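The block underneath contains the structure these notes are about, expressed in structure tokens.
The values are calculated or read from the model by the stated rules, or taken from the named source; none is laboratory data. A quick note: this is a predicted structure, and the numbers were derived from the prediction, not measured. Neighbour counts run over all protein chains shown; Cβ positions are idealised from the backbone, glycine included.
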Amino acid sequence: MSLKIQVKNTRHGNPGVSGWYAILPEPDPPNVLQDDITADWLVIGGGFAGLSAARRLCQLRENESIVLLDSIRIGEGSSGRNSGFMIDLPHDISTDSYAGAVEQDVLQTRKNRYAIAFAAKAAEEFGFPQEVFNPCGKINAAATEKGDQHNREYIEHLKAMGEESTWLDAAEMKRITGSEYYLSGLLTPKTVTIQAAAYTRGFARGISRNVNIYEKTPVVALEHTNGVWHARTPNGSVKASKVILSVNGHLQSFGFMQRRLMHIFLYASMTRALSSAEVRKLGGEPSWGVAPANPFGSSVRKISGVGGHRVLMRNKFHFNSSMEATERDVQRAVRGHDRSFQRRFPMLKDVEMEYRWGGRLCLSWNNVPVFGEIEESLFAACCQNGLGVSKGTLAGILAAEYASGVRNSYIEDYLNEAQPTRLPPEPFVNIGANAYLNWQEWCAGLEK
């Protein structure tokens, strides 16, 4: 008996040009699939999960052939559009202070660090420079008394977990960021900052010695017949015994988890390259990253290296069940970015934003992933619930292990998760979700 899947949407749906991608040198022309080929393994999706799954398969199945397909250029999709934090500690964006139950957060931290260690080994093997993979930690920055209190509560949670952190006062925050805006900060030392597009592009280059990678090659149909999966693309096809779907929210485009996945866009702006005089005016350290004490505030990165010295601002949540946002959505969403930037950096009043873009997150109502064998020899590593760099990496590793017959406690934890809860019908879910997001952003106040 055969199973046929017609892919309903092959568009990536992310608006604008990511600054992370735009400041990199132009990549080589894409390798587009033009033939009918056969492999032992097919990985669909070239983000954090798909790249990690492919690398783990190389380690576990070194004598077997692996093909990875991506519908666009690697680094252009959601994995190249985030703030660039590979976070180890609890980071539940649905709470006021990121924290959950202590025992649960200890376990999740252990899993995140398993993923980060995997990424660190890849970064070393592939020769990533520090600006691409920097284990410098992350600062939760507080601009208000309420944010400061959130950080103090988070410290107590970290102590209960047995985790170290360093309190930063206003003077120390200014020394690091150059800005007098922040009252305090909380440094947690084991987060890694990445240049999101450079990381994914470099990772793909690194595994390409053992993985056949095809870009601009969307899967338009999948069929399972006689124990073999047949993936059809616009100009070719792949036959493989096993398939790993690492497409995050686009899992529903393949017909799975309908009305169970929430698609939320987050928007970012990146400045033009700062002049030498502007860099001196700003002061602070050459590179740093702060997340907001309130999850609905602004993440800010200062970067230096390829592309020059720049500042990135990221805030504004927008629920869109269609999985697609437009340039108009970007312009509407980023109106506040310039105000957020000027509040923090008045010394840079003449610095314009050069790039503005959106990137999509996938969450479930009950904060669970989609993982495991969803059809015979078809495995999912999707729905990362807003922590895509760490959790996407982890899901890809574990999916490759599970599909290869490996069993461990992390895989068992994933398999024991409930299914994502069914969402309310439209238009109620759209109205309700955006009302909630707007309310939380209003409550974030000057943290935004």
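Worth a mention:
- Test for GLU125: is it closer than 25 Å to PRO25 by Cβ and of a type in the set (Asp, Glu): yes
- If you check VAL43, VAL67 for being aliphatic (A, V, I, L, M), under 16 Å from HIS250 (Cα atoms), buried (at least 23 other Cβ atoms within 10 Å of the Cβ) and touching a residue at least 40 places away in the same chain (Cβ under 8 Å), only one passes: VAL43.
- Residue list for segment 244-285, restricted to those being aliphatic (A, V, I, L, M) and buried (at least 23 other Cβ atoms within 10 Å of the Cβ): ILE244, LEU245, VAL247, LEU251, LEU261, ALA268, MET270
- Pick from segment 380-401, criterion surrounded by fewer than 24 Cβ atoms within 10 Å (Cβ to Cβ) and farther than 19 Å from ALA117 by Cβ, ranking: modelled with the highest pLDDT: ASN385
- Extreme residue, nearest to GLU373 (Cα to Cα), among residues of segment 407-422 that are aliphatic (A, V, I, L, M) and surrounded by 13 or more Cβ atoms within 10 Å (Cβ to Cβ): LEU415
- Qualifying residue in segment 204-219 (condition: surrounded by fewer than 24 Cβ atoms within 10 Å (Cβ to Cβ), in contact with a Ser or Thr (Cβ under 8 Å, 6 or more places away or on another chain), hydrophobic (A, V, I, L, M, F, W, C) and at negative phi): no
- Look at segment 418-442: where a residue is within 16 Å of ASN385 (Cβ to Cβ) and a partner is polar (S, T, N, Q) and outside any helix (DSSP H, G or I), sitting 6+ places away or on another chain with Cβ atoms under 6 Å, you get PRO420/SER364; THR421/ASN366.
- Segment 361-379, subset closer than 26 Å to TRP229 by Cβ and surrounded by 19 or more Cβ atoms within 10 Å (Cβ to Cβ), residue nearest to the chain's Cα centre (by Cα): CYS362
- Residues of segment 1-42 satisfying the condition of being out of contact with any Ser or Thr (no Cβ under 6 Å at 6 or more places or on another chain) and aliphatic (A, V, I, L, M): MET1, LEU3, ILE5, VAL17, ALA22, ILE23, LEU24, ILE37, LEU42
- LYS302 being crowded, with 16+ Cβ neighbours inside 10 Å, closer than 27 Å to LYS391 by Cα, modelled with pLDDT under 95 and basic (Lys, Arg): no
- Here ARG344 does not qualify as surrounded by fewer than 17 Cβ atoms within 10 Å (Cβ to Cβ), over 17 Å from the mean Cα position of the chain (by Cα) and over 27 Å from GLU62 (Cα atoms).
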